[in-house]
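Only one structure is covered here, and it is reproduced in the block below.
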Protein chains: 2
Amino acid sequence: MKVIIIGGVAGGMSAATRLRRLMEKAEIIVLEKGPVVSFANCGLPYYVSGEIAEREQLVVQTPEALKNRFNIDVRPFHEVIAISPESHTVTIRTNGQEQTESYDKLILSPGAKPFVPTIEGLHEASNIYSLRSIPDVDQIMAGITSQTKHAVVIGAGFIGLEMAENLRKRGLEVTIVEKAPQVLPSLDEEMAAFVEAELRKQGVTVITAQSAVRFEEVGKKIILENGQELISDLTLLSVGVAPENHLALEAGLDTGLRGGILVNEHYQTSHPDIYAVGDAIVVRQQITDTEALISLASPANRQGRQVADVIAGLDRKNQGSIGTAIVRVFDVTAATTGLSERTAKLAQLPVSVVHITGKDHAGYFPGATDITLKLIFNAETGEIYGAQGIGAKGVDKRIDILATAIKGKLTIFDLPELELTYAPPFGSAKDPVNMLGYAAMNLAEGLSESIQWYELETELANGKVLLDVRTDEELTRGKFKEAYHLPLNDLRQNITQLDADKEYIVSCHSGLRSYIAERILKQANIQVKNLDGAFALYQMVRPEAIVYV
Amino acid sequence: MKVIIIGGVAGGMSAATRLRRLMEKAEIIVLEKGPVVSFANCGLPYYVSGEIAEREQLVVQTPEALKNRFNIDVRPFHEVIAISPESHTVTIRTNGQEQTESYDKLILSPGAKPFVPTIEGLHEASNIYSLRSIPDVDQIMAGITSQTKHAVVIGAGFIGLEMAENLRKRGLEVTIVEKAPQVLPSLDEEMAAFVEAELRKQGVTVITAQSAVRFEEVGKKIILENGQELISDLTLLSVGVAPENHLALEAGLDTGLRGGILVNEHYQTSHPDIYAVGDAIVVRQQITDTEALISLASPANRQGRQVADVIAGLDRKNQGSIGTAIVRVFDVTAATTGLSERTAKLAQLPVSVVHITGKDHAGYFPGATDITLKLIFNAETGEIYGAQGIGAKGVDKRIDILATAIKGKLTIFDLPELELTYAPPFGSAKDPVNMLGYAAMNLAEGLSESIQWYELETELANGKVLLDVRTDEELTRGKFKEAYHLPLNDLRQNITQLDADKEYIVSCHSGLRSYIAERILKQANIQVKNLDGAFALYQMVRPEAIVYV
């Protein structure tokens, strides 16, 4: 059997090596239009700052090594310019020449291409880059000289933020421009607020709810919607990606959602001898059971392996994806799995939400830091729709646990049952993930009722009273504009101060004490709800609503 | 309702605080025989070295704080000396006086006590300690003077190893004596071998398969079975724990396995108004569905909360435990969840095993370190029985993911489907947990056959040939005594060198290349099996079988 694979990164290379292990006698050819195969695309931003010091570290495998170990015929600088499904051939351009190669099975792993918006002056600009490949990063590195002072990153998604961090660490003045009202739009607003705060703390200028509308002076000047002008020596466009589908389209293969290549559960396109994997294909979002485009390395690698299994005759199906992603932004980690509150609501799911703050490891052991976790779930069935986390350390672990819980169809009622590793350097007897389960159960079982941060203003306007149960000392570090104050430890003795005809919203710093206060008031027949996430979260997402006295 | 709780740590204190949140009007009394409640028992060893610097950090809550916040009546130095189930009273000794207190519901959370073996001279010895409470650690600290040079730790379980580390960091010469043939008997031998190597590297003397048979010179001299004499200025006895059951026994409550208190799924003892939680009770091992004693903080805390739910009338059941534990031993972390290979075989389960070595995060990103993972599973059904991990970093995360997978009844076929957080600082596109699933599937689907390290000697004696596919350069770092050498990259061209009538065992360094070699040979119709874990694992557990040239 002769198998041609188009695209030599992630999915393509996983397919090639797995196929060799399964089919020693197959002829396997990998055609890569770029100079390098099997490179660490997720590592590219870190080469800009020098955190990854050597360019060669980005190259995981060479064609020679792949030939020696796997007997795979890897051909860089071989761009496929046409596929002929009927004749089972591809047309390749290399060194300015065209050639034809036949195949029995063809695997498309073309990836996604950076989306390039239509902006006036874009084509005249000489300092605009995108980041997808090693040649891209080579160009960026060449574009950074001793004269380069100001960098502008357009688009505050994962790659945009990684580039902002690494350009800043490289010593540049960095401005991020994001069209959405928040950075990191795949996270919910209040969680992304922690990331925005960290960016500002590290000296990055963050402009949200703005687009670039014009480049002037060959790109040295960027004009925003509101007329603001930014100076830029180097501009990175990272406003999203789109499936690299032109070969598939021209070959007449079916495409779907936003141009993604359509495949069946065996990765077969509309032509049975052509398969496709990776960022270019439409997949099934497992939680909503709807179509989705997911541009992540982990699913691409899995799909590459699985398509090899399929071609080799093993029983393997694409089960879909839930989507798990993480980003380090200076000293903060942000991660998400499954649906956000926003996407869950868009999918018209019955959404409940809970936030908790815990420590990455036992608070009594040195070095413990805060983790804020958010759970998006169905309070009726307990189904977990998604989770997000923010913190300095240990966020990856908690989101991985929750991603595994979702895959295992565990519910909120199961989270307290998780027996996680506990010794003081690693965790707590009640891990933040356990706590998340307890908090969600308290809502599901009616022991607690909560409102979200975006509901507070309306609730207060409707006559409810905000009761802040923090200590006097804590108030000196910022307080709600409008709140009644009664420290938790004084609540029982002073409960008669409260007006039984009023409805209360309780808050403390992180939500632990306000829940205790809520239980005390509820059992005294006072109407009360808990401000989920409490002061710490509210302060982050609504800093303008906090007063310092 | 008046609830008395015996024991003010972990389960007891979780029960008390949850009960208050559910039942504002209940009278809640916590009776603790020691001076301190709610202390960080898992933190005690780290106070010995000073890593936890202040004694007060070990005290999570004081009686005053618990009174102020939870209106709980916490009474330290109140030892319950008798329970009268019929009259619903307990007899308390405090300040040399006896008093009686009535209850409606009684919760026993007495914990486990250090097992004290019968050793000649033990009672005459003046330098022997165990570690369970703050008074214990106070005594140890008082026992360490400028004259204290030699410490002996008897028992190399979790607490023994933590104490060995912290005594060593305190500057003492430390010797560990363990009756089993390995340290950390809850791990399998080859995984524990990594821990033993780390202990030796850090200057700890490790003596396995030996017991202390006699203390001489008021404990300054310890005589082992083989006649060896150890000098000790300070001896820690940590040879296991037993349920603290004397009150339960004297009250006529039913006990079971090794004296553990028997409770139903609502934590009720044989007397319906007496409940019990924590290390003292018999629980259900969820994987084997058999009775077990599990002395861990995490289940104890959960049980404490759940028994409060039960007493408050919520629908809550003890679902049992799988057992997850972790220990930091200097620069190495060792963790386990579920069954070990040994316990799974003792339970007569159809056990398959796979070891893999991966990196805690992307190998191309600075600071990546090795993780060795072991999976114990059923190759027929894919059921996961247990997992173990060793490494410098990220072991806690992988074992937590696998513990969650077990709770979610995910199989080996699901592990590759886990979508875990991946960015270069946190993981890899194929996480070691995914790799573990792939490797297990290769066995389950017959693509690979393996032997374990303890089978190699016999296989070679039976005429099989060990084929080492590492490079020439690697051999200089140690080699098998008896192996044919052919580097993987030369295998295809030199396959005719192999004798088709022989059966081969292939090995490389960590198992990745030997699996590729296995696939090449299998498809050339040569009989071959893979040495699971390969040279790296074998070298660790059978160092005497390695030659250095």
Q. Would you say A:SER514 is part of a helix (DSSP H, G or I) and among the small types (Gly, Ala, Ser)?
A. yes
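Strands (runs of 3 or more DSSP E) wholly in segment A:285-393 with at least 3 residues that are of a type outside the set (Lys, Arg) and facing another protein chain (nearest Cβ under 10 Å) - which ones? Break it down stepwise before answering.
On the way: elements: A:290-292, A:324-329, A:332-338, A:352-359, A:370-377, A:384-391.
Fully inside segment A:285-393 and qualifying: A:324-329, A:332-338.
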Q.
Could you check segment A:180-213 and list, in sequence order, the residues that are within 22 Å of A:SER232 (Cα to Cα) and of a type in the set (Gly, Ala, Ser)?
A. A:ALA180, A:GLY203, A:ALA209, A:SER211, A:ALA212
(Q) Within segment A:36-54, take every residue that is in contact (Cβ under 8 Å) with a residue 60 or more places away in the chain and away from chain B (no Cβ under 11 Å) and give me the one that is surrounded by the fewest Cβ atoms within 10 Å (Cβ to Cβ). (A) A:SER49
Q) Do you know which residues across segment A:406-430 are under 26 Å from B:ALA10 (Cα atoms), in contact (Cβ under 8 Å) with a residue 24 or more places away in the chain and part of a helix (DSSP H, G or I)? A) A:LEU415, A:PRO416
Q) What is the one condition in (1) more than 8 Å from chain B (Cβ to nearest Cβ); (2) crowded, with 24+ Cβ neighbours inside 10 Å; (3) of a type outside the set (Asp, Glu) that A:PHE413 does not satisfy? A) (2)
Q.
Considering only segment A:129-149, I want to know if a residue exists there that is among the small types (Gly, Ala, Ser), outside any loop (DSSP other than H, G, I, E, B) and closer than 17 Å to A:PHE215 by Cβ.
A. yes
Q) Has segment B:431-441 got any residue that is assigned to a loop (DSSP other than H, G, I, E, B), facing chain A (nearest Cβ under 7 Å) and crowded, with 20+ Cβ neighbours inside 10 Å? A) no
Q | Single residue of A:GLU98, A:GLU56, A:GLU86 found to be outside the structural domain of A:GLU216 (by TED's automatic domain parsing) and closer than 22 Å to A:VAL307 by Cα | A | A:GLU86
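Any idea which of B:ALA440, B:ALA461 is free of Cβ contacts under 8 Å to residues at least 40 places away in the same chain and at negative phi?
B:ALA461
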Q: For B:GLY338, state whether it is touching a Phe, Trp or Tyr at 6+ places or on another chain (Cβ under 8 Å) and either at positive phi or basic (Lys, Arg) (or both).
A: yes
Q. What pairs can you find where one residue is in segment A:134-152 and within 20 Å of A:PHE39 (Cβ to Cβ) and touching a residue at least 24 places away in the same chain (Cβ under 8 Å), the other is of a type in the set (S, T, N, Q) and surrounded by 16 or more Cβ atoms within 10 Å (Cβ to Cβ), and their Cβ atoms are less than 8 Å apart, with a gap of 6+ or different chains?
A. A:ASP136/A:SER130; A:GLY143/A:ASN127
Q. If A:ALA248 passes every condition in (1) surrounded by 14 or more Cβ atoms within 10 Å (Cβ to Cβ); (2) free of Cβ contacts under 8 Å to residues at least 40 places away in the same chain but one, which one does it miss?
A. (2)
Q | Residues (buried (at least 16 other Cβ atoms within 10 Å of the Cβ), assigned to a helix (DSSP H, G or I) and more than 28 Å from the chain's Cα centre (by Cα)) located in segment B:445-471 | A | B:GLU459, B:LEU460
**Q.** Qualifying helices (runs of 4 or more DSSP H) (wholly inside segment B:1-94; at least 1 residues being of a type in the set (Phe, Trp, Tyr) and either over 24 Å from the mean Cα position of the chain (by Cα) or closer than 23 Å to A:TYR515 by Cα (or both))
**A.** B:63-70
Q: Scan segment B:236-279 for residues that are of a type in the set (A, V, I, L, M) and assigned to a helix (DSSP H, G or I) and jot them down.
A: B:LEU247, B:ALA248, B:LEU249, B:LEU257
Q.
Being surrounded by fewer than 20 Cβ atoms within 10 Å (Cβ to Cβ) and touching a residue at least 12 places away in the same chain (Cβ under 8 Å) is the requirement here; does B:LYS359 meet it?
A. no
Q | Given (1) closer than 22 Å to A:LEU184 by Cβ; (2) more than 9 Å from chain B (Cβ to nearest Cβ), number of the condition A:GLU250 does not satisfy | A | (1)
Q) Can you find a residue in segment B:384-405 that is surrounded by fewer than 23 Cβ atoms within 10 Å (Cβ to Cβ) and either among the β-branched types (Val, Ile, Thr) or within 20 Å of B:VAL351 (Cα to Cα) (or both)? A) no
Q: State whether the residues of segment B:450-467 include one that is farther than 23 Å from A:THR421 by Cβ and within 14 Å of chain A (Cβ to nearest Cβ).
A: no
Q: Identify, from the list B:LEU498, B:LEU488, the residue that is away from chain A (no Cβ under 13 Å) and among the aliphatic types (A, V, I, L, M).
A: B:LEU498
Q. Only one of (1) out of contact with any helix residue (DSSP H, G or I) (no Cβ under 8 Å at 6 or more places or on another chain); (2) more than 14 Å from chain B (Cβ to nearest Cβ); (3) without any contact (Cβ under 8 Å) to a residue 40 or more places away in the chain; (4) surrounded by fewer than 19 Cβ atoms within 10 Å (Cβ to Cβ) is not met by A:GLU196, so which one is it?
A. (4)
Q. Mind checking whether some residue in segment A:228-235 is at positive phi, in a loop (DSSP other than H, G, I, E, B) and modelled with pLDDT of 95 or more?
A. no
**Q.** Checking A:LYS67 against (1) charged (D, E, K, R); (2) in contact (Cβ under 8 Å) with a residue 24 or more places away in the chain; (3) farther than 26 Å from B:ALA423 by Cα, the condition it does not meet
**A.** (2)
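The values are calculated or read from the model by the stated rules, or taken from the named source; none is laboratory data. Everything numeric here is computed off the predicted structure, so don't read it as measured data. FYI the Cβ positions are ideal-geometry reconstructions off the backbone, even for glycines, and counts take in every protein chain you see.
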